[in-house]
Every structure is written in structure tokens, then in C-alpha cells.
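Shown next, in C-alpha cells, is the structure this report addresses.
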Amino acid sequence: MSTVAKVKCYSCNNVFEIYLQERNLDAELRCPYCLKDMEEQSKSKLFSAIGVFDELNRDFRKYSSDRSENLFQFDLVTVENPIDFDFLKR
Ligand SMILES: [Zn+2]
């Protein structure tokens, strides 16, 4: 298994992928289609989030194989038209 972040660029509406193994903190991160740069602090936060995400899923797999715990794996997606979560606030 491998963690990959899908990033949508709203300048050109394309989606590109960032593999955890490929992340390079020193290199600039830019959309491969329209070459717009991602700002440095945002890039750092993005790589940090990918790392946390990957680590948790790895831990789930490890606990499952080492301690026979139930296996969970999670994904995050951004939806353009979220359902109404107002009921959670009541
Ligand atoms: Zn773009």
C-alpha cells in the first residue's frame, strides 16, 4: 500500500498526485499542468498532513498483524456539495 495525495488545482482544474515517497521538502511544489506554485507554508502543511495520514494507516495495519486487532484504513476526500450536517449541532 502507498499513500498518495490528490491535489486539485483550481487555476486549470486538473488533479495531480503526490506520492509520500516522492515528497521533496526542498523542491518547489507546482501544478504539473499550469505550473502554478504552491506557497511554501502550505506545501509544508500538506506534506505534514500526508505523513500523519500515512502513519495512522500504517499503525492500523501493524496493530492488525501484530495484535490481531480489527483492520481499519481511512481516506479523506473533499466534496463540493456536502450534505447538511446541521443535525450534529443540535
Ligand atoms: Zn494547474
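The values are calculated or read from the model by the stated rules, or taken from the named source; none is laboratory data. Just so it is clear, the structure is predicted and the values come from calculations on it, not from any experiment. Cβ coordinates were reconstructed from backbone atoms using ideal geometry, including for glycine residues, and neighbour counts include every protein chain displayed.
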From the option list Asp26, Asp37, single residue qualifying as surrounded by fewer than 10 Cβ atoms within 10 Å (Cβ to Cβ), over 16 Å from Ala5 (Cα atoms) and of a type outside the set (Lys, Arg) is Asp26
Across segment 9-25, what is the number of residues that are more than 16 Å from Lys45 (Cβ to Cβ) and not in a helix (DSSP H, G or I)? 10
Test: residue in segment 47-66 that is in a loop (DSSP other than H, G, I, E, B) and among the hydroxyl-bearing types (Ser, Thr, Tyr): no
Does at least one position in segment 49-71 carry a residue that is at pLDDT below 95, within 16 Å of the ligand (Cβ to nearest atom), within 19 Å of the chain's Cα centre (by Cα) and surrounded by 12 or more Cβ atoms within 10 Å (Cβ to Cβ)? no
Report the residue count in segment 24-45 for those that are near the ligand (Cβ under 9 Å from one of its atoms) and either on the phi < 0 side of the Ramachandran plot or touching a strand residue (DSSP E or B) at 6+ places or on another chain (Cβ under 7 Å) (or both). 6
Would you check which residues across segment 1-46 are of a type in the set (Phe, Trp, Tyr) and either closer than 25 Å to Lys62 by Cα or free of Cβ contacts under 8 Å to residues at least 24 places away in the same chain (or both) and list them? Tyr10, Phe16, Tyr19
Whichever residue in segment 6-23 is surrounded by 11 or more Cβ atoms within 10 Å (Cβ to Cβ) and away from the ligand (no atom under 15 Å from the Cβ) and, among such residues, is nearest to Asp54 (Cα to Cα): Leu20
